[in-house]
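Encoded as structure tokens, the structure appears first; notes follow it.
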Amino acid sequence: MIKTRNFEDLIVWQKAHQFVLNIYTLTRTFPKEEQFGLSSQLRRAAISIAANIVEGYSKNGIKDKLRYFNISQGSLAECRYYLRLICDLRYADTETIAGDLEEVSRLLNAYIRGINRNT
């Protein structure tokens, strides 16, 4: 594995952070009645992906690291559902941002496999 100086060096975190920024842009276009509903839930889940990558990165033990990365995977699955719901409610076309989410998922899974290989 490539040595990193901090979490910001992780490509998976960079992509997850960009996903969060894109979610904020997307949810600004939602109807006002969704401000404290779907918008809030989606934003929290997206933030959780990136935040748990950061927290897992900072842990020393493999089990601790993997636990936080698993939480990220759960938040990622939650975002998948919200994007589906947004599309079904016709609030926005989510094809591009869903593709971005899948890229984060692939990178996170690869990162987890790399950690498991090095144990």
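The numbers here are math on the coordinates, done by the rules we state, and not lab data. Just so we're clear, the structure is a prediction, and the values are computed from it rather than from any experiment. When we count neighbours, we look across all protein chains shown, and the Cβ atoms used for this are built from the backbone with ideal geometry, even at glycine.
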Top of 52, 60, 109 by mean-square fluctuation, Gaussian network on the chain, Cα under 10 Å: 60
Between 0 and 90°, nearest 10: helix 38-58 axis offset from the chain longest Cα axis: 10 degrees
Inter-probe distance in nm under a simple model that places probes 7 Å from Cα toward Cβ, at residue 25 and residue 3: 3.6 nm
For the chain, size of Cβ-based charge dipole, Lys and Arg +1, Asp and Glu -1, in debye: 500 debye
For the chain, the fraction of alpha-carbon pairs in successive 5 Å shells from zero, as %: 2, 12, 23, 23, 16, 11, 7, 4, 2, 0
By count of other Cβ within 10 Å, fewest leading, how are 97, 62 ordered? 62, 97
To the nearest 10 degrees, the tilt of helix 11-27 (Cα long axis) against the first principal axis of the alpha carbons of the chain is 10 degrees
Relative contact order computed over the chain (Cα-Cα under 8 Å; 6+ residues apart), in percent: 29 percent
Semi-axes of the stretch 54-106's equivalent ellipsoid from the Cα gyration tensor, sqrt of 5 times each eigenvalue, largest first, rounded to whole Å? 29, 10, 7
